[in-house]
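The structure appears below as structure tokens.
The values are calculated or read from the model by the stated rules, or taken from the named source; none is laboratory data. These numbers come from a predicted model, not from an experiment. Cβ sites come from the backbone with ideal geometry, for glycine too, and all protein chains shown count toward neighbours.
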Amino acid sequence: MRKIPIVIAEDQAIVRDGLVAIIRMQEDMEVVAACSDGLEAYESVGRWRPRIVLMDIKMPVMDGIASTKKIKDDYPDTIVLILTTFSEDQYIVDGLVNGASGFLLKDLHAAKLVSIIREADNGEFFVPSAIAAKLAGRLREMSAGAVTPLAEEFTPREIEVIERLIERKSNREIAGELYLTEGTVKNYISVIYEKLGTNDRAKAITMLKSIR
């Protein structure tokens, strides 16, 4: 059976050991490294090339956000799931922008934790409802300040594509409605992603909704 290789980065030993114990009970998962700071996590990813990293935010030497950025820059196929608390919403946008593939509340039940890890392994993006509400609030604040309105940042044709992205239409559906080829739609979406600073469709949609 294929096992999902996982690196855990958490500076609190009791939390780290608990995560290790939960994952080692799963037949389809294995812990290849358990780290106490972000730099160690980054180095472990380079050594073990895990599929998934469970990343705490507040850690010594290098915090989880900086570590996530370095990991995604150098090992872009690695999936990083941020471990957070309800009070750390100020870091959520930073994690999202720097390539995190989801957020996990630290009080999550073990069964839900392993379920989310499996979903992430299959390419799913996960944000708990409590975190999603916080994220929406943070993005609204950004849209009122630093985030540029759509009409100023994107061309009219890009906005047409964006409107359909937000409706979660496929590239083929967008192409049909706008009388474009799928290749042209992909090119527009690539430009939109570049302007947003992400290559993830789910993240892009979340960001676009906030500045619509």
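So here's what we get for this one:
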quantity	calculated
All positions within region 21-52 that are within 20 Å of the chain's Cα centre (by Cα) and among the basic types (Lys, Arg)	49, 51
Top-ranked residue of region 100-121 - restricted to ones that are within 22 Å of residue 200 (Cβ to Cβ) and in contact (Cβ under 8 Å) with a residue 60 or more places away in the chain, ranked as surrounded by the most Cβ atoms within 10 Å (Cβ to Cβ)	117
Exclusive hit being closer than 24 Å to residue 78 by Cβ, out of contact with any Phe, Trp or Tyr (no Cβ under 6 Å at 6 or more places or on another chain) and without any contact (Cβ under 8 Å) to a residue 40 or more places away in the chain, set 173, 194	194
Spans of helices (runs of 4 or more DSSP H) in region 155-212 with at least 3 residues out of contact with any Gly (no Cβ under 8 Å at 6 or more places or on another chain), closer than 26 Å to residue 103 by Cβ and not assigned by TED's automatic domain parsing to the domain that holds residue 125	156-166, 182-196, 201-210
Condition check for residue 51: closer than 22 Å to residue 91 by Cα, assigned by TED's automatic domain parsing to the domain that holds residue 93 and basic (Lys, Arg)	no
Qualifying helices (runs of 4 or more DSSP H) (wholly inside region 1-109; at least 2 residues being closer than 26 Å to residue 194 by Cβ)	38-48, 64-74, 92-97
Every residue from region 10-65 that is small (Gly, Ala, Ser), over 24 Å from residue 115 (Cα atoms) and surrounded by 22 or more Cβ atoms within 10 Å (Cβ to Cβ)	38
Cβ-Cβ under 8 Å pairs, at least 6 apart or on other chains, region 1-18 side closer than 14 Å to residue 82 by Cα, far side of a type in the set (Ser, Thr, Tyr) and surrounded by fewer than 20 Cβ atoms within 10 Å (Cβ to Cβ)	9/36; 10/36; 11/36; 16/36
